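The values are calculated or read from the model by the stated rules, or taken from the named source; none is laboratory data. Every value quoted in this text rests on a predicted model; they were computed, and no experiment measured them. A quick note on method: Cβ atoms are made from the backbone with ideal geometry, for glycine too, and the neighbour counts reach across all protein chains shown. Surface areas here come from the heavy atoms of the whole protein model, side chains and all, with no ligands, DNA or RNA. Shrake-Rupley method; radii C 1.70, N 1.55, O 1.52, S 1.80 Å.
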Amino acid sequence: MRAADDIATRRDLDLEWVRQAIGQARYIPQVARFIQPPPVGTPKNWRVYRSRFIDPVRISSGVKFWQDNRDTLARAEAETGVPAEIIVGIIGVETIYGQQMGTFRVIDALTTLAFDFPASHPRAAARSEFFKAELEQYLSLTHRTSVDPLALRGSFAGAMGMPQFMPSSWIKYAIDFDGDGKVDLFSSPADVIGSVASYFKAFNWQPGMPTHYPVGFDATRLDMNALLAPDILPTFSVASFEAKGAVLEGAALQHSGPLALVELQNGDEPPSYVAGTENFYAITRYNWSSYYALAVIELGKAVAAEINR
């Protein structure tokens, strides 16, 4: 209730309304379990991860979504430079084009993680503060739009709608792309498409730039530790990349921006590698995972290939 009073005061919201909203939230043990990181030593596996998202159901659903929203996707791409296949890839990976938008009450998920974040988590204090801020944004958003804060449902982390925007992302990046005077990320494909494009534009999407290139290695001069040190942040010029033992071919040799070596583990098998560009990095701002980013890219390409076929 002290938090409710503080939110109401700082956001100039009705005090009793905020107290009622938070007071009716319920602790969800399942949410607290889901937010925990995998056990230490759990091997990552790109091929297994990829198979969860690049499948016939998502591809066929993506084809229908693209066909149903062809003009809107083309308009978003023309206005922002974000390719239709990236937008389609995001919505497909997130919710299978609205088929799985989450069943948790957003107010329950956010309050559980704001006030009872699992203490055993290695970043518990920081994550708790993050979700307190998201709860505040959620209450401000629903109050301003006259939406019942107890009504909306989303993921276990409080992400909402077809693109699974957190409340702060909804406020910062969501746009009214169908021109009806409101933003609806639950049932307006146009608003969803425009908002995903808006998000990537805000994170410096570079129109026309590939997301990644194939990469090989020259064992005689390979400095893998140096190549992996910046993680997925593009840092190397083509010349410095190759000087450390990476091998590029074709269009990659003409790339003018920075590159990163992206490593994708395959369990007990050798890892996969790609040379990520600034656009690859932009996708990881949506979800901070190189596995996620490549799944988005490959789902979008698979849907595009099926459309073209």
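The residues of segment 226-239 that are surrounded by fewer than 18 Cβ atoms within 10 Å (Cβ to Cβ) and farther than 23 Å from Gly208 by Cα, listed by number, are Ala226, Leu228, Ala229, Pro230, Asp231. The combined condition, being surrounded by 12 or more Cβ atoms within 10 Å (Cβ to Cβ) and either more than 20 Å from Lys301 (Cα to Cα) or modelled with pLDDT under 95 (or both), is not fulfilled by Ala125.
Can you find a residue that is open to solvent by less than 30 Å² (accessible area, probe 1.4 Å), under 16 Å from the mean Cα position of the chain (by Cα) and not polar (S, T, N, Q) anywhere in segment 268-281? Yes, segment 268-281 contains at least one residue that is open to solvent by less than 30 Å² (accessible area, probe 1.4 Å), under 16 Å from the mean Cα position of the chain (by Cα) and not polar (S, T, N, Q). Can you find a residue in segment 46-59 that is open to solvent by 50 Å² or more (accessible area, probe 1.4 Å), more than 20 Å from the chain's Cα centre (by Cα) and modelled with pLDDT of 95 or more? Checked against the condition, which is being open to solvent by 50 Å² or more (accessible area, probe 1.4 Å), more than 20 Å from the chain's Cα centre (by Cα) and modelled with pLDDT of 95 or more, segment 46-59 yields at least one hit.
On the basis of being open to solvent by less than 30 Å² (accessible area, probe 1.4 Å) and in contact (Cβ under 8 Å) with a residue 12 or more places away in the chain, does Gly102 make the cut? When the stated conditions are applied, Gly102 does not pass them. Checking the structure you have, find out if any residue of segment 64-75 is out of contact with any Gly (no Cβ under 7 Å at 6 or more places or on another chain), within 30 Å of Gly179 (Cβ to Cβ), among the aromatic types (Phe, Trp, Tyr) and open to solvent by less than 80 Å² (accessible area, probe 1.4 Å). The answer is yes; a qualifying residue exists.
The listed residues are Gly181, Gly161, and the only one of them that is of a type outside the set (A, V, I, L, M), in contact (Cβ under 8 Å) with a residue 12 or more places away in the chain and closer than 22 Å to Thr80 by Cβ turns out to be Gly161. Checking each residue in segment 175-196 for being closer than 16 Å to Asp71 by Cα and not charged (D, E, K, R) picks out Phe177, Gly179, Ser188, Pro189, Ala190, Val192, Ile193, Gly194, Ser195, Val196. Going by the conditions given, is Asn308 open to solvent by 50 Å² or more (accessible area, probe 1.4 Å) and closer than 26 Å to Ser61 by Cα? When the stated conditions are applied, Asn308 passes them.
The sole residue among Glu94, Glu85 that is within 27 Å of Ser140 (Cβ to Cβ), open to solvent by 20 Å² or more (accessible area, probe 1.4 Å) and assigned to a helix (DSSP H, G or I) is Glu94.
All of Asp218, Asp223 fail the test of being open to solvent by 50 Å² or more (accessible area, probe 1.4 Å), touching a residue at least 12 places away in the same chain (Cβ under 8 Å) and not aliphatic (A, V, I, L, M), apart from Asp223.
Among the conditions (1) buried (at least 16 other Cβ atoms within 10 Å of the Cβ); (2) at pLDDT below 95, Leu248 misses just one, which is (2). Residues in segment 147-174 that are surrounded by fewer than 16 Cβ atoms within 10 Å (Cβ to Cβ), touching a Ser or Thr at 6+ places or on another chain (Cβ under 8 Å) and not charged (D, E, K, R): Ile171 only.
Quick check: anything in segment 8-29 farther than 27 Å from Arg127 by Cβ and of a type in the set (Lys, Arg)? Within segment 8-29, none of the residues are farther than 27 Å from Arg127 by Cβ and of a type in the set (Lys, Arg). Before we move on, is Arg26 in a loop (DSSP other than H, G, I, E, B), among the charged types (D, E, K, R) and modelled with pLDDT of 95 or more? Yes, satisfied.
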